[in-house]
Structure formats: structure tokens, C-alpha cells
Amino acid sequence: MLDNDLIKDYERILFKELLSKKNEIAVIDGEYYKKVKERWDMTAKPLDSLGVFEDITAKIGSILKTSKINLEKKAVIVMCADNGVVEEGISQSGSEVTLAVARAMGKNKSSVGKMAAVSKAKVIPVDIGINTDETIPGVLDKKVAKGTRNFAVEPAMSKEELYRAIQVGMDMVLYCKQNGYSIIGIGEMGIGNTTTSSAVAISVLSGRNKKEKEFDYYINELVGRGAGLSNDGLSRKKKIIKEAIIKYELYNADILTILQTVGGLDIAGLVGVIVGGACYGIPVVLDGVISAVAALAAVSLFSGIKHFLIASHMGKEPAMKYIYDELELEPVIYGRLALGEGTGAVMMFTLLDNALSIYNEQTTFNDIKIEAYERLV
């Protein structure tokens, strides 16, 4: 939780929007939530028969403060960055893959671009920290640094770099708000980021009880194979994460220190997007484990932020279950997805469009001349 007395000047400026809206963010607008649910109940179908989609659309209505939900303008913000910890051999691929995929993303030729075209969503790729001097066509240049440092040797970034990355994310949401987007999906591209995200998640979750002995449990349970590590590679990944958490005593650290020490610029940027969603009143659809970790970090800053989040899928990485249990979020898709780039969020857009086709083009019980269902419980 943010403590005003402990926030330095730069931090106070960075989070001023969040701090000014504490009471507004703390609870969902119950009036619009109720209106959306009532409209669902008047629709000619069994009560609650669209399950979680009725709850999710009610949440969206409460965030947008309307019962007339229009999600025609959808954006996917994809943060792209390299991670210095790749030097430790914790990934099957080299960092050059980040640049290659970002180039494809700028041309809408990567996976998320093709899927977003189906759901009529705009993909906004952001170079927040790719290790290149190249200006990538179609990719926004918001570079904070050319990748992070190797956290096995030194902290991944400076405080200033962390704050700048968070600010980039918040600014992207403001841009979307000003341009009429009503929902944002998030994604990332960065070789090595299942290592950084695992390190952040384990630091946060093991730190809940401030006990070093929690490491072994969380490391064994949460660290996955990423893009296909061998058994030896997975063991090395776990070793690097554990040594870093112990070295920097991250089980006793606040979330900003954890992000600075073992996080990535992509994660920090996504934290900013999530904070921005809460500040500017736009629902944010999470993708895979990296965006889930960013959500865990953002909610660690201020718990009310979780009301602005929609979990798209339960991905293949084992950490996701623990994170969503902690955040009390219920993902919709269980498909063992592990692609990233925001592809799961785009799948969720399509499902929401389908649900809203019933909601917005409502057929009532009167229209088909049958008696409405009653709530008996």
C-alpha cells in the first residue's frame, strides 16, 4: 500500500493522479453495476445464463459509469523490452528475438496483430527498452534504457528508470482515454521476462509473511519453463532467481524496490498502464503471467486497483494460479496459452463482443411474448 509519508517528491508527482482518486478507486460504482445486471435480467434468457460475462460486463459498466456499454474502440498496449538477466542462460532464445518480433509487430504481422484484426482492436507496440538504436517502424519509441542490467550481478534498473517506465504506461492510458478508447488490453515482448516476472512474484508472495524460508516453496511452485527450457535450464533459472532474492533481501522489500531490483522495463510499463486504468477510468484486460505480475505489483501499491482489472486467461506458467488467487480474479479462458504479446487479452475482446451482442441488441421477454424468469433465491 502506498504510504504518503514515505513517498519522495518524484514518487508523489508520479502517483499524484492515483493518490487524488483514492476514494473513487476504492469501490466499484454500484449504481451502474446494478443497472447492467438488471438489463441482463430483462433479456430473454435464463437468469445468469451467461455466467461470468454478466459480471464482467457489469464491472465494465461500473468503471465506464454507463449501462450503455460500447467497446468498439479497443486497444492493446504491448510493452517491448530486453532483460539483462538473459546473460545467465535462463532462456532458450537470445535477446535478438525481442527486436525481431517487435519489427513484425510494427507491421501487424506478429500473432497479436493478426488476432487484433479479427476483433477490430488497435495494437500499440511500445519500445520501452529494446536493446537497439534502431527506430522500428510502427513501434512507438518510448525507450527508457536499452534493456535492464543483469540482476544476478546488480539491480536491474535505477529508481529513475523505474519511475520513467511506469510513467510511460500511465501516459499511454491517457492517450487512449483522450482518443476515445473504452477498454485496454495489455501484453509484452521481451526475452527473459518469465524470469523477471517470476522473481517479482516470488518476492511479493514470500514477503507476505516476511520469511526467507518461504522461498523454496514458491520457487518450486511458481517458476515455469518459459518458452521451452530443458530441465537443466529450469534448474538454472530457479537458482538465479533464488540467489537474487536472497542477495537483495527482497522478501523484506517494498514493491517499488522489488521492481527496480529484479523487474523488467516491460513489467514496469505495464504497472503504469494498470495504474493509469484506475486513474483514468478504463478497464484493463490482462494477458499472461507477465501482465498478471504487473497487476500484482500495481495492486500492492493500492488494493483498489484490482477493481479495474479483467483476467482473460489462466496461462501455462504455474505462477498465474497463485497470482490470481492473491488478486481474487477469475480468468475466463483455460487453454494453456503461453504466447504473450497480448493475444489472450485479444481473445477476451472477442468473447466480450459476443456477449455484448446479446446485451446491446436486447430481446426482452415481452418481445417474444413469454413470462420472465423470477429470482427465487
_Quick check on the range 243-278: of everything there that is surrounded by fewer than 23 Cβ atoms within 10 Å (Cβ to Cβ) and among the charged types (D, E, K, R), which residue is nearest to T196 (Cα to Cα)?_
E243
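Identify, from the list I202, I136, the residue that is among the β-branched types (V, I, T), part of a loop (DSSP other than H, G, I, E, B) and either surrounded by fewer than 24 Cβ atoms within 10 Å (Cβ to Cβ) or at pLDDT below 95 (or both).
Answer to the check: I136.
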_Among (1) within 22 Å of T343 (Cα to Cα); (2) at pLDDT 95 or above; (3) not charged (D, E, K, R), there is one condition P155 misses while meeting the rest; what is its number?_
(1)
*Filter the range 84-103 down to the residues that are in contact (Cβ under 8 Å) with a residue 60 or more places away in the chain and of a type in the set (A, V, I, L, M, F, W, C), then identify the one that is surrounded by the most Cβ atoms within 10 Å (Cβ to Cβ).*
V85
*Taking the range 260-292 on its own, how many of its residues are over 15 Å from A345 (Cα atoms) and either among the basic types (K, R) or within 8 Å of the chain's Cα centre (by Cα) (or both)?*
1
*Residues of the range 104-130 being surrounded by fewer than 23 Cβ atoms within 10 Å (Cβ to Cβ), part of a loop (DSSP other than H, G, I, E, B) and on the phi < 0 side of the Ramachandran plot, which ones?*
K107, K109
*Residues of the range 158-192 satisfying the condition of being in contact with a Phe, Trp or Tyr (Cβ under 9 Å, 6 or more places away or on another chain), touching a residue at least 24 places away in the same chain (Cβ under 8 Å) and either assigned to a loop (DSSP other than H, G, I, E, B) or surrounded by fewer than 20 Cβ atoms within 10 Å (Cβ to Cβ) (or both)*: K159, E160, L174, K177, Y181
*Output for the range 139-157, where each listed residue is of a type in the set (D, E, K, R), in a loop (DSSP other than H, G, I, E, B) and over 20 Å from the mean Cα position of the chain (by Cα)*: K146, R149, E154
*Is there a residue in the range 145-168 that is touching a strand residue (DSSP E or B) at 6+ places or on another chain (Cβ under 9 Å), polar (S, T, N, Q) and over 30 Å from T66 (Cα atoms)?*
yes
*Would you please name the residue that is nearest to K65 (Cα to Cα), looking only at residues in the range 279-327 that are surrounded by 24 or more Cβ atoms within 10 Å (Cβ to Cβ) and of a type in the set (D, E)?*
D287
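Quick one: in the range 339-354, of everything that is surrounded by fewer than 19 Cβ atoms within 10 Å (Cβ to Cβ) and either closer than 13 Å to G187 by Cα or among the charged types (D, E, K, R) (or both), which residue is modelled with the lowest pLDDT? Can you show your working first?
Let us first name the residues in the range 339-354 that are surrounded by fewer than 19 Cβ atoms within 10 Å (Cβ to Cβ), namely 339, 350-351, 353-354.
Next, from what is left, pick out any that are either closer than 13 Å to G187 by Cα or among the charged types (D, E, K, R) (or both): 339, 353.
Details: L339: 92, D353: 97.
Only one residue tops the list, namely L339.
Here is a check on your reading of the model: is G233 surrounded by fewer than 24 Cβ atoms within 10 Å (Cβ to Cβ), outside any strand (DSSP E or B) and at pLDDT below 95? Spell out how you get there, then give the answer.
On the way: surrounded by fewer than 24 Cβ atoms within 10 Å (Cβ to Cβ): yes; outside any strand (DSSP E or B): yes; at pLDDT below 95: yes.
In short, yes.
Report, by residue number, each residue of the range 299-315 that is among the aliphatic types (A, V, I, L, M) and at pLDDT 95 or above. Working first, answer last.
As a first pass, look at the range 299-315 and keep what is among the aliphatic types (A, V, I, L, M): 299, 301, 305, 309-311, 314.
Correct list: L309, I310, A311, M314.
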*Filtering the range 68-103 down to residues that are modelled with pLDDT under 95 and assigned to a loop (DSSP other than H, G, I, E, B), which residue is farthest from C176 (Cα to Cα)?*
G89
_Complete set of residues in the range 128-164 that are under 18 Å from L259 (Cβ atoms) and polar (S, T, N, Q)_ = T148, N150, S158
_Can you tell me which condition P46 does not meet? The list is (1) modelled with pLDDT under 95; (2) in a loop (DSSP other than H, G, I, E, B); (3) within 20 Å of E330 (Cα to Cα), and all the others hold._
(3)
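The values are calculated or read from the model by the stated rules, or taken from the named source; none is laboratory data. Note that the structure is a prediction, hence the values are computed from the model and not measured. Here the Cβ is made from the backbone with ideal geometry for all residues, glycine too, and neighbour counts use every protein chain on show.
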